[in-house]
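For reference, the structure is listed below as structure tokens.
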Amino acid sequence: MTATSVSRVYNFSAGPATLPLPVLQQIQDEIISLPGVGASVLEISHRSKDFDVILEDAQTRIADLLGMPETHEVLFLQGGSALQNAMMPMNFLTDKSQTADYIVSGAWGKKSAAEVHRFGNLNVAWDGKDSGYNCAPQQQDLQLTPGAAYCHMTSNETIQGVQFSELPDAGSPLVVDKSSDMFAEPIDVAKYGMIYACAQKNCGVAGVTVIVMEKSLLERCNDRLPSYLDYSKHSKGGSRFNTPPTFAIYVTGLVCKWLQNEMGGLTGIAKHNEEKAKLLYDVIDQSNGFYAGHAEKDSRSTMNVVFKMADSATDDRFLEEATQNGMTTLKGHRSLGGIRASIYNAMPLEGVEALSNFMKDFASKNG
Ligand SMILES: *Cc1c(COP(=O)(O)O)cnc(C)c1O
């Protein structure tokens, strides 16, 4: 049985999320025996020459995709983005008198900010709470701290579907949670102090967190931390301070290869993502109010399209009929209700076309 003969739904899960079919097929082909190795990637030492090739290939592909300058390096860590939320203040607030700025544009930013008080001072530079986290801030609205250790933001709020269209000018190293929009469009890495992204949304499978770190920040790491929690130890160990998530790193390499060879890199995928998101937002905007989008238009996410219907009782029918039509996991996050369509890089255009047609049809029957 080959993967193509297996029936697959259009899976709109927010994460772990759908993977590119060619990536799944290559995993299937290689899972018993990696070509030239004769053993599975699941079975080889993380210090073997064969795994060196896999790890370096993944790092090189990430650097090439992002156009990463020499000032930065790629690290692979575990513990998801949740651990990063704690590791940042732990490493970069080296004494309790220091302050970190946090721009809170949704639920994940709020969670990140909640970790700071154990290590230093939190300054919430902006909080979108009063408008229900439906937009990204304007530069002039930010209350930044002169001399802050760093400034944190979440480039795409996965639950609210709110995405920054441009980076703020933070005045301190910008630390960005890109868990749900990593590799979604070209970025200028030089503008970032640190980027982190758990892989299970847009760059692979659960288990690895991809980090792009400005090397100069590594010199600032708190040296009183347990070794595993110190970024500089991971850097010195070449992401092999201990056994890394070898399979997850391998999959991230395959996802990057797919982006490079089949999707035209980040410029190509960005165009594809714009096209997909437009299909859904157009249906929302042309539905005469049957569907209401959560985010303001200029903060709309290309990755997570969040909307609701006037009557929440309709949600269950929407979800049930969508499932019957091969489109699953469209239920909104429990904190917001409504519908969330996560359309990361790997969601094919046909899946989004199917959903937009279904939405039009559903609105005309129920409106
Ligand atoms: C999913 C997600 C997280 C949490 O990631 P874990 O790997 O579960 O720790 C953090 N931030 C954002 C923006 C996310 O989408």
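With the contact rule set at Cα under 8 Å and sequence spacing of 6 or more, what percent relative contact order holds for the range 264-366?
30
Could you line up THR18, THR71 from fewest to most neighbouring Cβ atoms inside 10 Å?
Fewest-to-most ranking of THR18, THR71: THR71, THR18.
How much length, in nm to one decimal, is gained on full extension between THR328 and LEU167, taken as 0.36 nm per residue of separation minus their Cα-Cα distance?
Residue separation times 0.36 nm, minus the Cα-Cα distance, leaves 54.7 nm.
Would you please state the base-10 log of I(q)/I(0) at q = 0.11, 0.13, 0.18, 0.19 1/Å for the range 264-366, with intensities from the Debye formula using one equal scatterer on every alpha carbon?
Results for the range 264-366 at q = 0.11, 0.13, 0.18, 0.19 Å⁻¹ read -0.30, -0.43, -0.83, -0.92.
Taking every Cα atom in the chain, find the radius of gyration and the maximum pairwise distance Dmax, and write them in Å.
20.9, 63
Got a sec to turn the phi values of the range 223-235 into Karplus ³J(HN,Hα) couplings, 6.51 cos²θ - 1.76 cosθ + 1.60 with θ = phi - 60°, whole Hz, x for Gly and Pro?
Result, rounded to whole Hz: 8, 9, 8, x, 3, 4, 8, 9, 4, 5, 5, 5, 5.
Take every DSSP beta bridge whose two residues both sit in the chain, then give the antiparallel share in percent to the nearest 5.
55
Which ordering of MET263, MET213, MET153 is given by a fewest-first count of other beta-carbon atoms within 10 Å?
Taking fewest neighbouring Cβ atoms as first place, the list is MET263, MET213, MET153.
Holding the Cα-Cα limit at 18 Å, pick out from LYS129/LYS276; LYS276/LYS360; LYS191/LYS297; LYS201/LYS233 the pairs that are longer than that.
Pairs exceeding 18 Å: LYS129/LYS276; LYS191/LYS297; LYS201/LYS233.
In whole Å, what is the distance between the alpha-carbon centres of the range 19-39 and the range 117-156?
43
Only sites in a loop by DSSP and with at most 14 other Cβ atoms within 10 Å count here; which trypsin sites (Lys or Arg not before Pro) in the range 184-279 make the cut?
Taking the range 184-279 and a limit of 14 other Cβ atoms within 10 Å, the loop trypsin sites (Lys or Arg not before Pro) found are ARG224.
Would you mind giving the three semi-axes, in whole Å and largest first, of the ellipsoid equivalent to the range 195-295 according to its Cα gyration tensor?
37, 18, 13
Only sites in a loop by DSSP and with at most 13 other Cβ atoms within 10 Å count here; which GluC sites (Glu not before Pro) in the range 211-279 make the cut?
Within the range 211-279, the qualifying GluC sites (Glu not before Pro) (loop, at most 13 other Cβ atoms within 10 Å) are GLU219.
When only Cα pairs under 8 Å and 6 or more residues apart are kept, what is the percent relative contact order across the chain?
RCO, the chain: 22 percent.
Using the Kyte-Doolittle scale, which helices in the chain average at least -0.5 and also have C-alpha atoms spread 20 Å or more along the helix axis, with helices defined as whole DSSP H runs?
Answer set is 49-66, 246-262, 265-285, 349-366.
For the peptides 32-42, 333-343, what is the packing order when you average, over each peptide's residues, the other Cβ atoms within 10 Å and list the highest mean first?
Ranking the peptides 32-42, 333-343 by packing returns 333-343, 32-42.
Every read-out reported here was derived from the displayed coordinates using simple, explicitly stated rules and does not represent laboratory data. Nothing here was measured: the structure is a model prediction, and the numbers come from that model. Here the Cβ is made from the backbone with ideal geometry for all residues, glycine too, and neighbour counts use every protein chain on show.
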